[in-house]
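These notes are about the structure you will find just below.
The values are calculated or read from the model by the stated rules, or taken from the named source; none is laboratory data. Given the structure is predicted, the values throughout are model-derived calculations rather than measurements. FYI the Cβ positions are ideal-geometry reconstructions off the backbone, even for glycines, and counts take in every protein chain you see. With ligands, DNA and RNA removed, areas are computed over all heavy atoms of the protein, side chains included. Shrake-Rupley method; radii C 1.70, N 1.55, O 1.52, S 1.80 Å.
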Amino acid sequence: MSELPFLAVKNCSVAYGAQTALDDVSLELGRGERLAIIGESGSGKSTLALAIAGLLPGDAVQSGAIDFPGLEQAARPGADIGFLFQDASGSLDPMMKIGDQIAEIMVSHRGMGWIAARVEAAQLLDRVRIPKALARLDDYPHQFSGGQKQRIALAAALAGEPQLLIADEPTSALDTVTQRHIVDLLDELVREAALTLVFVTHDVALAAERADRIAVLRHGRIVETAATAALLSSPAHPYSRALVALHLPLGTARPRRLPEIVEDVPS
Ligand SMILES: Nc1ncnc2c1ncn2[C@@H]1O[C@H](COP(=O)(O)OP(=O)(O)O)[C@@H](O)[C@H]1O
Ligand SMILES: [Mg+2]
């Protein structure tokens, strides 16, 4: 990579009290790159995602550095970085009309006027395929289905026009068909806006299909980072090998054939 990395995580450790959740993690991400962070539950994926976004809870003790050499100023969560949580209730305020939630982000992070922001909020909701978006600006989150709520949360994550989108298992609370629709939409929007993407998942097949590069986390440490094709065809670390073997049926770990085969994997 000849230009500066967009994101550089250097020797980052995070502890919650006596519990070490991240242990000396380093990684770099180029602008426009799509990185998947995979690992089993409790391996530190969310902690790493929150640390990158600057959204760790107050009781977390962090060391090391998280730099954005590709940004002119320090990264601002909500503006430069959009965050999509597993559950839309982590992203959306249940007491606030969806149009107001999205418009408010545009007003505070982009200095837009309220009326222009409402118009653009409707356009963005239409973009994430909320039917009759303009007529639904004054509805509350509970008036939408789970899949629609996650679409609205995606709109909110994009409302500040971020350069980096971090999605923490954004579809694992949804059924398989809805999952696929949301992942397709996410993919489309990321490509369209040339966003850098950090995608957290425990689904190796999903990572294989959607990421340029994969980082494997275990017990708070990165055991391996590699280009997706390389990680699938020749994982260097025994743990990555086991993870790939476990989640991808034998003989399917050939990237070129992966997309159509993944469709046929029963849930
Ligand atoms: N807010 C918190 N307070 C205390 N411990 C936490 C907190 N968040 C996560 N942990 C602990 O840190 C470790 C990593 O958690 P997490 O980053 O959520 O993993 P993952 O997202 O891979 O499931 C786990 O052992 C978890 O119990
Ligand atoms: Mg998690």
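For the reader, a short list of remarks on this structure follows.
- Excluding same-chain neighbours fewer than eight residues apart, the lysines reachable from K10 by a Cα-Cα span under 24 Å are K45.
- Tilt relative to the chain, helix 238-247 - C-alpha long axis, 0 to 90 degrees, to 10: 60
- Expressed in units of 2.2 N^0.38 Å, where N is the residue count, the Cα radius of gyration of the chain is 1.01.
- In degrees, nearest ten, helix 146-158 long axis to first principal axis of the chain (Cα): 90
- Under 5 Å between amide hydrogens, built in the peptide plane, is the criterion, and for V200 it picks out I37, A167, D168, E169 among residues at least 5 positions away or on other chains.
- Rounded if a/c under 1.5, otherwise prolate or oblate - the stretch 38-184, Cα gyration tensor axes: oblate
- Of the GluC sites (Glu not before Pro) in the stretch 62-161, those whose Cβ has at most 16 other Cβ within 10 Å and which sit in DSSP loop: E72
- Positive-end residue, the chain charge dipole about Cα centroid, Cβ charges, pick of A229, A74, A121: A229
- The distance between label points at S145 and D126 comes to 2.2 nm (points 7 Å beyond Cα on the Cα→Cβ vector).
- Accessible surface comparison of H109, H181, probe 1.4 Å, protein chains only, largest first: the order is H181, H109.
- Taking Cα centre as origin and charging only the Cβ of basic (Lys, Arg, +1) and acidic (Asp, Glu, -1) residues, the dipole magnitude of the chain rounds to 280 debye.
- 1.4 Å probe accessible area per residue over the stretch 96-180, in Å²: 44
- Divide the volume of the convex hull around the Cα atoms of the stretch 153-227 by the residue count and you get 105 Å³ per residue.
- Centroid-to-centroid separation of the stretch 178-224 and the stretch 26-62 [C-alpha atoms, Å]: 12
- Principal-axis tilt of helix 114-127 within the chain, Cα atoms, nearest 10 degrees: 50
- Rg to Rh quotient for the stretch 107-153, alpha carbon positions, Kirkwood Rh: 0.99
- Full-extension gain in nm, A242 to A193, via 0.36 nm per residue minus C-alpha separation: 14.1 nm
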